[in-house]
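Worksheet for the structure shown next.
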Amino acid sequence: MSAPAYALIAELDRRRAELYRQAAAEHGLETVIVRDGNAAKATLDSRGAPTLLITDLSLPGSDGFSLISDLRRRFPPKKTAVVVFSAFAELRATAADLLVSLDVTEIRDKSSSAAAVREAVVNAMTSLSQADTAAQADPKTPEQLSHDFLQGIARTFHVPIALLSVNVRHYHWFTTYTGVTQPLTASEEKQRWWAVLQQVIDKQHPLVIPDMAALFGSPSLVLPIRIRGFVGVPFMTTDNHPMGVLALIDLKPLELGAEQIDGLTDLARPVADEFRRRYAVDSGPEILQGAPRTEESWAALEHLALTDALTGLYNRHAGEQAIARESARGRRTGSSLSLALLDLDNFKQVNDVHGHEAGDRVLVEVGRILNASLRASDLAIRWGGDEFLILLPDVGVLGASAFAERTRMQVEALSFSGVGRVTLSAGVVEVTRREDPLAALRRADTNLYDAKVGGRNRVTSGTDDGDSRLKSG
């Protein structure tokens, strides 16, 4: 049974909280009132996403921006309407700048009357209803969403090709995502692949071939392209009901460790759950028990398509979208936007000497440091391999350099068991008003290169007062 719809109210002032409670109760919502941001986040942990969040931006423990950002990162979009109140014009202006990225419905002065509060809540609930109606009117097909899922999986695990075969009684469907130009959709190729994939389904065990050339003396067993690495895992629901097979293919030897292969299986489970729910009519009524709700499972799929499986940061695809969005906002509002491109120094040696699992531990810890250092409006992206990109809206080049320098120092202070110390270099830029985001990225990459050439373990912004040229040692 699903939990009842509720409103979460995060407000230090008890009288204002009661005013908000009355407005929410008019819509039949149960209310939970907390007085600090940490308690609000704990409520999200225990009760899940609320239908309505009403929050002050200034809260003890964790501010309203952080609370909203945490909500948006953890739960499906358009599931919760958000109304914010603040007595401070500066905070309301900041919230207005983040209106789109945090999907805030209403921003009001904290001195608003009871009638204005009710109006804000009505507007929020109406927007939520309209978004739900629009989503139902134009849903993505399973094929479209599966393609998005495969694209996200391929980018997360840095392989050019991903395959998915779903077999539910009379329903049999096969799709691919490919980042190479050779076609993979001819019927005879599907038949050849099915012979390989069927073995994974029959055995219910991953099939891993790190390098076909090393194992068989030549690459590519079944396709007219020179593939090298292959991994196929059972496409299974959360209760281990087999639905098909998911496979990744690389044109070079596969570099996935055991934990990453486990992660691939786990990432596929919510998608398999939704396939089972959608085609339950073909699979028998018994599998309907415990099937997840459509919007939750497909929203999870869309979230996976934007998230790096190892670090939990956004992936490059999500980063490209965010850069375009924030650059457009900067041009529209005249606000600053800075980029920090971070790269671990000599990271290839970590993988070569200590193994990829040790390298993964380093990447995960760096991701944790970045997440812990961000404001609600910032965005950390695993840009590729051991490279991270940080978007810093409303921050100039000096502030971005200071952020990168703090991160550099935190990473330098770490010591990894069996690996030792790891350092990073960074290139920082402020995006100019009419600059194409790709041009800004190229400048950041140039500054990163200068930091590497200058001795590594340093931050370079290309400005005399923004450089941190600290020698490692």
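The values are calculated or read from the model by the stated rules, or taken from the named source; none is laboratory data. Predicted, not measured: the structure shown is a model, and the values here were computed from it. Every residue, glycine among them, receives a Cβ derived from its backbone with ideal geometry; neighbour counts consider all protein chains shown.
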Inset, instruction - Scan the range 328-346 residue by residue and report those that are of a type in the set (S, T, N, Q) and modelled with pLDDT of 85 or more. - result: 335, 336, 338, 346
Inset, instruction - Mind listing whichever residues of the range 370-396 are hydrophobic (A, V, I, L, M, F, W, C) and more than 17 Å from residue 335 (Cβ to Cβ)? - result: 370, 372, 374, 380, 381, 383, 388, 389
Inset, instruction - Among the candidates 432, 460, 446, single out the residue that is touching an Asp or Glu at 6+ places or on another chain (Cβ under 8 Å), more than 30 Å from residue 71 (Cβ to Cβ) and among the polar types (S, T, N, Q). - result: 460
Inset, instruction - Kindly establish whether residue 59 is outside the structural domain of residue 329 (by TED's automatic domain parsing) and either under 18 Å from the mean Cα position of the chain (by Cα) or at pLDDT below 90 (or both). - result: no
Inset, instruction - Those residues that are in contact with a strand residue (DSSP E or B) (Cβ under 8 Å, 6 or more places away or on another chain) and either charged (D, E, K, R) or assigned to a strand (DSSP E or B) (or both), I need them from the range 241-262; list them, please. - result: 242, 243, 244, 245, 246, 247, 248, 249, 250, 252, 255
Inset, instruction - Would you mind stating whether residue 262 is acidic (Asp, Glu) and without any contact (Cβ under 8 Å) to a residue 40 or more places away in the chain? - result: yes
Inset, instruction - Return yes or no: is residue 369 in the same structural domain as residue 323 (by TED's automatic domain parsing) and out of contact with any strand residue (DSSP E or B) (no Cβ under 7 Å at 6 or more places or on another chain)? - result: yes
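Out of all the residues in the range 57-67, which are in a loop (DSSP other than H, G, I, E, B) and either buried (at least 19 other Cβ atoms within 10 Å of the Cβ) or hydroxyl-bearing (Ser, Thr, Tyr) (or both)?
Kept after step one, since they are in a loop (DSSP other than H, G, I, E, B), are these residues of the range 57-67: 57-63.
57, 58, 59, 62, 63, listed by residue number.
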Legend entry - Any hit, the range 43-52, residues being part of a loop (DSSP other than H, G, I, E, B), within 23 Å of residue 113 (Cα to Cα) and in contact with a helix residue (DSSP H, G or I) (Cβ under 9 Å, 6 or more places away or on another chain): yes
Legend entry - Meets criteria (part of a helix (DSSP H, G or I) and either touching a strand residue (DSSP E or B) at 6+ places or on another chain (Cβ under 7 Å) or touching a residue at least 12 places away in the same chain (Cβ under 8 Å) (or both)) for residue 381: no
Inset, instruction - For residues that are in contact (Cβ under 8 Å) with a residue 24 or more places away in the chain and either in contact with a Cys (Cβ under 9 Å, 6 or more places away or on another chain) or of a type in the set (A, V, I, L, M) (or both), tally how many sit in the range 5-56. - result: 20
Legend entry - Residue check, residue 7 closer than 14 Å to residue 118 by Cβ and touching a Lys or Arg at 6+ places or on another chain (Cβ under 6 Å): no
Inset, instruction - Count, please, the residues in the range 433-458 that happen to be surrounded by fewer than 17 Cβ atoms within 10 Å (Cβ to Cβ) and of a type outside the set (D, E, K, R). - result: 7
Inset, instruction - Would you check which residues across the range 20-56 are surrounded by fewer than 15 Cβ atoms within 10 Å (Cβ to Cβ) and among the hydrophobic types (A, V, I, L, M, F, W, C) and list them? - result: 25, 42
